[in-house]
1. Only one residue in R158, R208, R187 is at pLDDT 75 or above and part of a helix (DSSP H, G or I). Which one?
2. Out of the stretch 129-144, which residues are crowded, with 16+ Cβ neighbours inside 10 Å, farther than 17 Å from L119 by Cβ and touching a residue at least 40 places away in the same chain (Cβ under 8 Å)?
3. Against the conditions (1) in a loop (DSSP other than H, G, I, E, B); (2) surrounded by 10 or more Cβ atoms within 10 Å (Cβ to Cβ), where does R177 fall short? Just the number, please.
4. Across the stretch 37-71, what is the number of residues that are open to solvent by 60 Å² or more (accessible area, probe 1.4 Å) and farther than 23 Å from T2 by Cβ?
5. Looking at M97, is it of a type in the set (A, V, I, L, M, F, W, C), at pLDDT below 90 and open to solvent by less than 60 Å² (accessible area, probe 1.4 Å)?
6. Got at least one residue in the stretch 101-114 being open to solvent by less than 70 Å² (accessible area, probe 1.4 Å), at pLDDT below 70 and more than 20 Å from L16 (Cβ to Cβ)?
7. Out of everything in the stretch 16-36 that is modelled with pLDDT of 85 or more and of a type in the set (D, E, K, R), what residue ends up being farthest from the chain's Cα centre (by Cα)?
8. Anything in the stretch 34-62 that is in a loop (DSSP other than H, G, I, E, B), under 28 Å from R80 (Cβ atoms) and in contact (Cβ under 8 Å) with a residue 12 or more places away in the chain? List them, or say none.
Amino acid sequence: MTADTPVAHGYTVRDLDALARAVVNNNRAWWPAGDRDDLYAAAWHGIVEHLCTSDEPPCRRDLLEAGRRALAEDVKATMRHHGARRDTSNNGARYAMYWDWAGRATPSPERGIIERIALAQILAALTPRQREAFAALAATGDYPDAARLLDIEDQTFRSLIGRARTAFRDLWHEGERPSRHWGCDRRAGAVRGTVGKGESAVSNLRRRQRAARSAATDRNAS
């Protein structure tokens, strides 16, 4: 197809190109941030559609108006898509909502891959007994049951799993200062297992939280 290729009703590709460019130039203030190629394509489509569906040869003004209408609809649709509104209630909320979604960073898979590789390498570096302790606790979800699975005393198992965790943490932070233990393992106080004075880990935590709230209330009252 060349610029002089006829399209319909005596109009050529060159004519339609000039009309589409005229529509975009005459209405560029509508959407100054819009992509010129997209605006041109919208106007071109409107002009060609009107030309090819007309029974009688349309005049130049009719084609320009068809292009303008198509461009207007395209601009409005684009603005809606990007969260902008054209009425007096446009406070930018939807614009911010759109760009918060569209501009978010895509998480890199690197961290997950590295962690999986590190986990396999660290487990391989532990002693067979330490790996057995981890496997037993993962399989049973309970300290006494894990101890029975390994045919050892409950306290012996707790010491073993403690040393295994320390070794794992040291290897995980290899070359860095290892982090301290934080939180508590709820399995240590679940059903059969207990911590402290025969109190479950969860109950212990809730008791301390209630005491902290009570103390804060007393301070505010005074």
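The values are calculated or read from the model by the stated rules, or taken from the named source; none is laboratory data. In this text the structure is predicted, and so the values were computed from the model without any measurement. Backbone-built Cβ (ideal geometry, glycine too); neighbour counts: all protein chains shown. With ligands, DNA and RNA removed, areas are computed over all heavy atoms of the protein, side chains included. Shrake-Rupley method; radii C 1.70, N 1.55, O 1.52, S 1.80 Å.
1. On the way: R208 fails: at pLDDT 75 or above; R187 fails: at pLDDT 75 or above.
After applying the criteria, what remains is R158.
2. D142, Y143, P144
3. The number of the failed condition is (2).
4. The qualifying residues number 9.
5. Working: of a type in the set (A, V, I, L, M, F, W, C): yes; at pLDDT below 90: yes; open to solvent by less than 60 Å² (accessible area, probe 1.4 Å): no.
No: the conditions fail for M97.
6. Of the stretch 101-114, the ones open to solvent by less than 70 Å² (accessible area, probe 1.4 Å) are 102-103, 112.
Narrowing the set further to residues that are at pLDDT below 70 leaves 102-103.
So of that shortlist, the ones also more than 20 Å from L16 (Cβ to Cβ) come out as 102-103.
Yes - at least one qualifying residue is present in the stretch 101-114.
7. For the stretch 16-36, the residue satisfying everything is D17.
8. Passing the criteria: only G34.
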